[in-house]
Amino acid sequence: MARDQADIKQKHQQRLESFVVRARRVAEHSLADGWENLVALIDPKIGIRFENGERGAQRHRPG
């Protein structure tokens, strides 16, 4: 029983380490530079304006 627990723990540890490596790789290639910009991409700000009978929309993207 103890050996099974150790095997399970080792398997979970290996999966976690693999996930961390992949997550760091994705973060390095992310379009968002920094946590605040990543959060801003999740909840974009959109502005709508009406001028002279015309309407327009603009999406504000983080730098």
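Select one label from [x] 77, 22, 14; [y] 41, 17, 17; [z] 60, 26, 12: the one whose number is Cα extents along the principal axes in Å as derived from the coordinates shown. Correct label is [x].
With θ taken as phi - 60° and the Karplus curve 6.51 cos²θ - 1.76 cosθ + 1.60 applied, the whole-hertz 3J(HN,Hα) list for segment 45-52 is 9, 10, x, 10, 10, 10, 9, 6 Hz, x standing for glycine and proline. Summarising the label geometry, the points placed 7 Å from Cα in the beta-carbon direction at Arg59 and Val20 lie 3.5 nm from one another. Taking label points 7 Å from Cα along the Cα-to-Cβ direction, Gln10 and Glu28 give a separation of 2.9 nm. In the chain, which trypsin sites (Lys or Arg not before Pro) fall in coil by DSSP and have 14 or fewer other Cβ atoms within 10 Å? Answer in residue order: no site qualifies.
Readers should treat all values here as calculations from the given coordinates under stated rules, not as data from a laboratory. Remember, predicted model here, so these are calculated numbers, not experimental data. Glycine gets a Cβ as well: all are built from the backbone with ideal geometry, and neighbour counts include every protein chain shown.
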